[in-house]
Structures are given as structure tokens and as C-alpha cells.
Amino acid sequence: MFTLIGKHEKDPRANRDGYVEAMLEMMAENDKLIHIDCDLMGCINTGKLLKAFPKQTFNAGIAEQNAMGVAAGMAATGLQVFMHSFGCFASRRAFDQAFLAAGYSQLPVHVIGSDPGVTAAFNGATHMPFEDCALYMTVPDAIVIDACDFVQVKSLTKQLAGQPGLSYMRLIRKGFTTVYADGSEFEIGKGVTLRDGTDVTLIASGILVDEALKAEEQLRAQGVSARVLDLHTWKPLDDDLVLKAAAETGCIVTAENHQVSCGLGSAVTNLLAEKHPVPVERIGIQDQFGQVGPQEFLMEQYHLTAADIVDAAKRAMARKA
């Protein structure tokens, strides 16, 4: 169950601490739970884990490929392992090790990739992963998650600890907008309906969830009834929820902080093309590299704003008509 706040207010907490709080609570109850970091404990605040549970927390240094191999090796001994680095390194740099050592071997390695997409901001193009989820979505049976706020990160981190195979979860480090009230719980593979509507469905994840809620308000003021879904889990996708929305609203807009050709938008369109074709407009990165700048500037540059979602909704409805 969840409680939607949706007031578009910045949370005073750091989003990374949703992960840290979950890990502190679980490590206290489970001495087989391990965290491995790649010299980024100061960035993600996992120094708290090292202080509280030094025998369960490891710094692998700036060596992501080795860290992934170590994570898989520890998992092979019966441990449940979380491994963190910036999203670009946790995906592109260490992917071969993730695919073979963890994925192919069916080991419980849960990869956390921080600073996804435009949230990398001033770290720039080299550190701005628009394709991180795409890589992990190619691994058979892997779980891929794009969480939106502190509460959702905390809830899904706890669920990942019980999963038997490879997973990848994106994590905003600091500033973010609160979407859900404390105590809200989420289920891996099950999206949630935030607003009901009949004219168009807006499907979003991560930082685009709040933008979709803003877009719904703008559309409602113009007489358009928009449904809003938070599909935090890209794989496995909540097929039933997507197909129900397509059947009842007749058109879809997807919104993601990721390349549209290989992420949430592509997962949704692949499903709909096979099971229930309807017009789809995809908001996201359109085959582009990243750049340096404030997050708000980058969201405008890459057309990731509520206004862009509103325009896409109107295009989708026109195609439906």
C-alpha cells in the first residue's frame, strides 16, 4: 500500500539515505547481507554502514569490474550482496562481469547505480548514463528498477534483498521531489496507479514521475482526463497494468530519464505492439549523449519536463482520434 503526496516539494533528506536506512535495518538482522562500494562511500553515505557493520561492508576501490567479480564470488558462498558505483560505471564498465559472474551464474548480486541520466548534472557526459538500464534488461531474469524517491528506494531495497538473482536499481543521490508518504510499500514488478483517467495514460518512473503528475494537473485544467502510472520496475514489466490502461484510455505516453529506444518506452511499446497496439509517444533521451549543466537545464534541453509530457499527450490523443 502507498500514500501519494504529490505536492511537488523537495525532500530535505538525501535520496541515498533511503538505501542506507534500509541496509542498516537489514544488516542488523542478517549478518549475511553485504555492501560493496567502489570508493564512493562519501558520495552515497555508506560510510554509515562501514561504521556500524565493518565486517559486512567493503570498499573495493576504483575498480568496478573487480568489485563485480568480488560481489559474485561472495554471493557464491551464500551471502546476499549489494554493490554500488555511479550508474555509468555500474553498468557500462562492469557489465561483462555482471552478465557472466552474477547473471549467468544466477547469483544474488544487487547492483545500485547512482546519478542516473541527467541527475549526474555537473559530472557531465562521461558520467551521465542514459543506457544503464538497457544493458541490465538484456540479462535473462534480471530485475531492473528506476525508483523515484526516498520512500520507494527504501521499500524496494528491502525487497531486493530477498531476490535470488541479479538486479539493477537506479538511485538519485541527493535532491529529489517527494512523491510518497513515509510507510508506503511497493512490490517489485507491480506498478501503481497515481491518478485515474480515461483520455490518455502517462507512464513514468524515477524523476519523471513528479513531472507526469504535474502534466496530469495541466491536462486536467484543459479538460483532459489523464491516468498516471508509476512503473518503477522496468523488468519484469507490469504487463497487466499497461494493457489495462491501453484498453481503457486508447493511447499512451511514456516518460523516462533514459534512452527511449532501449528503456521503459521500448519495453512498453514492445508489449503493446504484440498484445494491444495503440498510439504511443515516448518522452526521454532521443539517441543523444549527455552534457554538463544543472539538472533543471538538462531536463529542458532533453525535453523531460511536464510541458513536454503535455504536448506528447495531445499528440497521442490526436493519433487515437
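The values are calculated or read from the model by the stated rules, or taken from the named source; none is laboratory data. Here the structure is a predicted model, which means the values were calculated and not measured. As a convention, Cβ positions derive from the backbone with ideal geometry for all residues, glycine included, and neighbour counts pool all protein chains shown. Surface areas here come from the heavy atoms of the whole protein model, side chains and all, with no ligands, DNA or RNA. Shrake-Rupley method; radii C 1.70, N 1.55, O 1.52, S 1.80 Å.
Key figures
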| item | result |
| --- | --- |
| Exposure of residue 320 as accessible area (Å², to 10), given a probe of 1.4 Å and all protein chains | 80 |
| Three-way shape label, region 18-168, alpha-carbon gyration tensor, a/c 1.5 | rounded |
| Amide proton proximity set for residue 59, modelled H, under 5 Å, gap of 5+ | 37 |
| Residue-averaged [θ]222 nm for the chain, counting only DSSP H segments that reach four residues, each worth -39500 (n - 2.57) | -10500 deg cm²/dmol |
| Carbon and sulfur %, accessible surface of region 116-201 computed with the full protein complex present, 1.4 Å | 50 |
| Mean-position separation - Cα centroids, region 52-80 and region 194-270, in angstrom | 36 |
| Å² per residue, accessible surface of region 1-105 at 1.4 Å | 47 |
| Accessible heavy-atom area order of 170, 319, 13, highest first, probe of 1.4 Å | 319, 13, 170 |
| Distance in nm between pseudo-label sites at residue 273 and residue 222 (7 Å out along the Cβ direction from Cα) | 2.8 |
| For residue 19, solvent-accessible area (1.4 Å; no DNA, RNA or ligand), Å² | 0 |
| Selection from 118, 165, 284, by position along the positive dipole direction of the chain (Cβ) | 165 |
| Cα-centred dipole magnitude for the chain, charges only on beta-carbon of K, R (+1) and D, E (-1), debye, nearest 20 | 140 |
| Separation of the residue 28 and residue 297 label points, Cα + 7 Å toward Cβ, nm | 4.3 |
| Residues with amide H under 5 Å from that of residue 291, placed H, sequence gap 5 or more | 125 |
| Sequence-separation-based contact order of region 1-155, relative, with Cα cut under 8 Å and 6+ spacing, percent | 23 |
| Listed values [x] 58, 52, 39; [y] 60, 40, 38; [z] 70, 45, 37, entry calculated as Cα extents along the principal axes in Å | [y] |
| Approximate spin-label separation residue 286-residue 123, in nm, with each point projected 7 Å along Cα-to-Cβ | 2.7 |
| Ranked order, 188, 5 - accessible area, probe 1.4 Å, largest first | 5, 188 |
